[in-house]
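K.L.:
Take a look at the following structure, please.
The values are calculated or read from the model by the stated rules, or taken from the named source; none is laboratory data. Keep in mind that what you see is a predicted model, and the values were worked out from it rather than measured. When we count neighbours, we look across all protein chains shown, and the Cβ atoms used for this are built from the backbone with ideal geometry, even at glycine. These area figures cover heavy atoms from the full protein model, side chains too; ligands, DNA and RNA do not enter into them. Shrake-Rupley method; radii C 1.70, N 1.55, O 1.52, S 1.80 Å.
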Amino acid sequence: SKQSGRNNFQFYTDELNQRLMERLDLEYRLRLALENEEFLLHYQPKLALVSGAICGAEALIRWQPAGESMISPASFIPIAEETGLIEDIGLWVLHEACRQAVKLNRLYGRELPIAVNVSPRQFRQSDLVSMVRSALLNSGLNPACLELEITESSLVHDTGSFIKTLQELKNLGVGLAIDDFGTGYSSMAYLKDFPVDRLKIDQVFVSNLEAEPSNIAILKAIVALGHSLNMKVIAEGVETAYQKAFLLGIGCDEMQGYHFSKPLHMDTFGKLLSDSCLK
Ligand code: C2E
Ligand code: CA
Ligand code: CA
Ligand code: CA
């Protein structure tokens, strides 16, 4: 009836309004969070599969509002990306990760590469290269100890400018990785032109391994592809001993995942490093 149609419409606009309000509220709170220094970085160790040694770590942002529980990036990075706030948040992440990497290197006497996520919007910022350069200079971090994780979705249309930016970053001496590999646009044709050191296999191929044997073929193919292009291959989301053994068996170089460690607070990560040095 007409009546219920109007009610539906009312319901629809109320819901839209509410979502809009929630978004605006989140955007506002994210801005404040940056000012009030409510963000922190956790570190998830990366393991070299053959030696079993910790070979690096990925910095992952967390939001800890005073008196509330920690908020995961999955619930605010997409909004930050849409609103453009990711540019400021990403800059903070870059500087903080470089500063903490210098501290970790000093404390443990090991030059451990720290990986930082660069979102598509950040990647397209015209001054990305100079921002990375400043973060390195300000912190004094050895460029080889910084790795940038870039997703295929950063490559929207212009492959030429994508490769040019990668090359400029590479010239700074930092490492580059393609994140979430296998899920993005098919960049197979250009992959050989990307000056990247690492392919990071998306966790969907790993986490379904036991249930979906068809992933075996995909994982083998990605490892072979990466190696044929002189790249290291790392698998993320490794949760079981079976997955780890399988990856080792097909020659995958490194792994990251709950099976070895969840992302850790900087101090806990430091302790893990010092324990592993004593071994
Ligand atoms: P990502 O870059 O693909 O990071 C991997 C995510 O998988 C992390 O989630 C990590 O905690 C989670 N993970 C690691 N091992 C396992 C495992 O064994 N099983 C499962 N189920 N999950 C695992 P997190 O920390 O919640 O981050 C989610 C996403 O948020 C990241 O995905 C990344 O896209 C984004 N993100 C996090 N930190 C930053 C940042 O500093 N800057 C930007 N631009 N994005 C970030
Ligand atoms: Ca990542
Ligand atoms: Ca990833
Ligand atoms: Ca992901």
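K.L.:
Would you please name the residue that is farthest from the chain's Cα centre (by Cα), looking only at residues in segment 234-258 that are open to solvent by 70 Å² or more (accessible area, probe 1.4 Å) and within 16 Å of ligand 3 (Cβ to nearest atom)?
P.N.:
239
K.L.:
Can you tell which of 130, 134, 139 is touching a Lys or Arg at 6+ places or on another chain (Cβ under 9 Å), at pLDDT 95 or above, away from ligand 2 (no atom under 14 Å from the Cβ) and open to solvent by less than 60 Å² (accessible area, probe 1.4 Å)?
P.N.:
Answer to the selection: 139.
K.L.:
When you go through 179, 202 one by one, which is the residue that is within 13 Å of ligand 2 (Cβ to nearest atom), closer than 22 Å to residue 117 by Cα, buried (at least 19 other Cβ atoms within 10 Å of the Cβ) and touching a residue at least 60 places away in the same chain (Cβ under 8 Å)?
P.N.:
179
K.L.:
Just for segment 152-176: of the residues that are in contact with a Pro (Cβ under 7 Å, 6 or more places away or on another chain) and at pLDDT below 95, which one is least open to solvent (accessible area, probe 1.4 Å)?
P.N.:
Residue satisfying both the conditions and the ranking: 154.
K.L.:
Against the definition (at pLDDT 95 or above, open to solvent by 60 Å² or more (accessible area, probe 1.4 Å) and in contact with a Ser or Thr (Cβ under 9 Å, 6 or more places away or on another chain)), how does residue 227 come out, yes or no?
P.N.:
No; evaluated as a whole, the condition is false for this residue.
K.L.:
If you don't mind, there's one more thing I want to ask. Taking segment 97-127, which residues are under 17 Å from residue 178 (Cα atoms) and either part of a helix (DSSP H, G or I) or in contact with a Leu (Cβ under 8 Å, 6 or more places away or on another chain) (or both)?
P.N.:
Within segment 97-127, 113, 114, 115, 116, 117, 118, 120, 121, 122, 123 qualify.
K.L.:
Select from segment 56-115 the residues that are under 24 Å from residue 31 (Cα atoms) and more than 15 Å from ligand 1 (Cβ to nearest atom) and write down the one among them that is surrounded by the most Cβ atoms within 10 Å (Cβ to Cβ).
P.N.:
Taking the candidates together, the pick is 65.
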